[in-house]
Amino acid sequence: MSSAVLGARNLTGCEHRLALDFTEHGDAAASDTSPEARRRIEAAQGHRDHVITTLHGFQSDRTPSDVVTVEAGTHRERVEQTRRAVEAGATWIFRAALPTDVERGRRGHAEALFRLGDGYLPIIVVNHRVTTLVNGERPADAPPPTLRTSPLWGWHPAVDATRSARSQRRDVMRLAHLTAMLDDLGWGTADAGARVGGLIGLDADCMVAVSLDAALTEYAEEFEHRHAIAEGSVPTVARRVGECRSCHWWTRCESDLADRRDVSLVVGGSQATVLQEAGITTFDALAAYRGDPPEDWPAAVPFADAIVSAASWVDDIPLVRRLDRPRLRRADIEVDVDMESYSERGAYMWGTLLTDNTDPSREVRYLPFVTWDPLPTLDEGRSFAEFWNWMAAERRAAREAGKTFAAYCYSQQAENRWLRGSADRFHGVVPGVPSRAEVDAFIGSKEWVDVFEAVGKNFVCPRGKGLKRIAPVAGFNWRDAEASGEASMEWYAAAVALDGAAFDESQRARLLTYNEDDVQATKVLREWISSQDVLELPTVREILTRRAAEGWVPTSRSV
C-alpha cells in the first residue's frame, strides 16, 4: 500500500520542494502557509466560485437531479454526494470530490464533471488566462487553427479561429490526473476519441477542449517518478530555479546552497545542469575552471560570463562592467514609469517620475495614475487613459520645445503587456485610450528605454538582474522593508477588499509608497550608470586578465 498520496499540484514544479513537503509535513497540500500563498489560494477560490455559479445558471432549465452541486461538508460526505450523482447519471456535477485512492496514491477534485456518453470528462477552472484573442485576419500561409473551444452553456467543442491557446503544463497535468482517477473508478468516458478535458480561465468566456491523448502517457511516467520522490526512494537536492522566488522553502534552501557554494547560485537552471553533469558543482570550481565550455553549454550564453560571475561570488563583487564606459540613452525630459498589476486581472496603477534636465527649477515630481475600483473594472481604462495622455502631452511639449524625450521602465515585458492589453480592451470603449497601433509605435520607438536590458548589456550580474538586487549597488534602498511584488498583491487585496478580503485603506498609501520607490530606484540606477561612480566597478577584461594570469585561457567558444 502506498503511503504518499499526491494531488495534481505535486506533478509539476521543483522536485526538491515536493520531497521537503512530504518529509517535513507528510502532506504537501498543507505546506503553503505564507500570506502570499494564502492570497493566491483565496483569489483562485473566489474565481472558481464565480465561474461555477455562472455555469450552474446556464443549466436552470434542467432538473435538480440532472445538475448536482456538491455541498460543503467533510471529504467523505462530498465524495458520497459525487458518487450518488454519478450513479444517477447526472449531466453536470459541480464541485466534484473524487475518493482518495490510497492504493495508487492519488487524490483530486474537479470544479465540474460533464457526462459524455457513458462516462465523465473533467472540467477545471484556473485563475489565469488560457486563451488570447487573435487580432486581425490570419495570414494566408498560416497553418489552420487547431484550438477547440466550447461555449460555457454546454459541451460543444469546435475549432475556434478567434483565439490562440496559452497552455500551461500544470493545467494539462491536472486534467490528466483527474482523467486517470475517473478511469480507475470506472467513471471515465470509454470513447478513446474523447480523451479530453475542459479548461476555463480567468476570462471565463469559453471552455478550452484540451486533448489528453499524449498527456496521459506523459502523466503516467511523471506520476510514477514524482510518487517515488514523495516516498523517499528518489533523492533530491536543493537547486536554485525560477520557482525559488516564491517558495516557502527558499530560506532553508538558500542557506543549504550557500553552504555548498552551489553553482546554481551563479548560473541559470539549464546551465547549472550542464555544469553539474560536467562535474562542476560549486562556484569555486567554476571560477577555477580551465579550457572550453562543457559540450552541451548553450551557445547563446557566453561561457566567460559564467566564469566572471563565479569569480565575483568568490570575491564578493556585486557587478562587473562589460564596457569601459557603460552606455544608456539619456534625454532632456526623462520619465520613469512603473506599472502595478494584480495577477491577470489588470493594471491598477501607472506611477511616473518626471525629470527635466534642462530646467533645475522644475520639481522632480512623482505622479501616480490609479484606480481603486477592484479589478477587473472599466475604471482601469480611465486611469490608463489619463496616464497615456499625460505622457503624450509631455512628449509633445518636449518636441515643440526642441528637446529630447525618453521614458524608462525596468523590464518592459510587464509594462508592454499591459500597455498593449489596455489598448486592446479599452480603445473605443473608454475616452482617451490609444489604439494598439499607437501603443506599438511608442514601444518600438527610441523614446521607450528598458533599463533592465541596459543593465544586461552593460554588466555581468552575478547575483541577478532584478531591480531590488541592482539598485542598492547604486545606493538606493526601499523605505518599506517588506516591499516586493508578491507582498504588493496582498496589500492590493486589502486596499480594495478584493474577493471578500478585509478592507484596509492604509494599504493604498503603502502601495503608493512602494510604487514611488520603484520609479525612484529606476531613476537612481540609470543616473548612476551614467556617472563616474560606476567606474569603480571592475571590468570583465580585468577579471579575465587576472584569471588568465592564473592559467585560464579563453577560447572562441568561451566568449
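The values are calculated or read from the model by the stated rules, or taken from the named source; none is laboratory data. Small disclaimer: the values here were computed from a predicted structure and weren't measured. Cβ placement follows ideal geometry from the backbone for every residue including glycine, while neighbour counts extend to all protein chains displayed.
The table below lists the values:
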{"item": "Elements of type helices (runs of 4 or more DSSP H) in region 205-315, at least 1 residues being in contact with a His (Cβ under 8 Å, 6 or more places away or on another chain) and at pLDDT 90 or above", "result": "213-231, 250-260"}
{"item": "Test: residue in region 418-438 that is in contact (Cβ under 8 Å) with a residue 40 or more places away in the chain, loosely packed, with under 15 Cβ neighbours inside 10 Å and of a type outside the set (Gly, Ala, Ser)", "result": "yes"}
{"item": "Residues that are of a type in the set (Lys, Arg) and under 24 Å from Asp315 (Cα atoms), drawn from region 423-464", "result": "Lys457, Arg463"}
{"item": "Positions within region 367-387 being part of a loop (DSSP other than H, G, I, E, B) and touching a residue at least 24 places away in the same chain (Cβ under 8 Å), in sequence order", "result": "Trp372, Asp373, Pro374, Leu375, Pro376, Thr377, Leu378"}
{"item": "Inter-residue pairs, beta-carbon under 9 Å, first closer than 18 Å to Thr53 by Cβ and in region 63-74, second loosely packed, with under 12 Cβ neighbours inside 10 Å and modelled with pLDDT of 90 or more, 6+ apart", "result": "Asp66/Ala88; Asp66/Gly89; Val68/Ala88"}
{"item": "Pair list, Cβ under 9 Å, 6 or more apart: region 138-162 residue at negative phi, other residue surrounded by fewer than 18 Cβ atoms within 10 Å (Cβ to Cβ) and modelled with pLDDT under 75", "result": "Pro144/Arg138; Pro145/Arg138; Ala161/Arg138"}
{"item": "Every residue from region 60-100 that is surrounded by fewer than 16 Cβ atoms within 10 Å (Cβ to Cβ) and not charged (D, E, K, R)", "result": "Ser60, Thr63, Pro64, Ser65, Ala72, Gly73, Thr74, His75, Ala88, Gly89"}
{"item": "Which listed residue, of Val320, Val335, Val308, is under 23 Å from Val519 (Cβ atoms) and either outside the structural domain of Gly466 (by TED's automatic domain parsing) or surrounded by 20 or more Cβ atoms within 10 Å (Cβ to Cβ) (or both)", "result": "Val335"}
{"item": "Residue list for region 199-218, restricted to those being crowded, with 21+ Cβ neighbours inside 10 Å and either outside the structural domain of Val125 (by TED's automatic domain parsing) or closer than 23 Å to Thr273 by Cβ (or both)", "result": "none"}
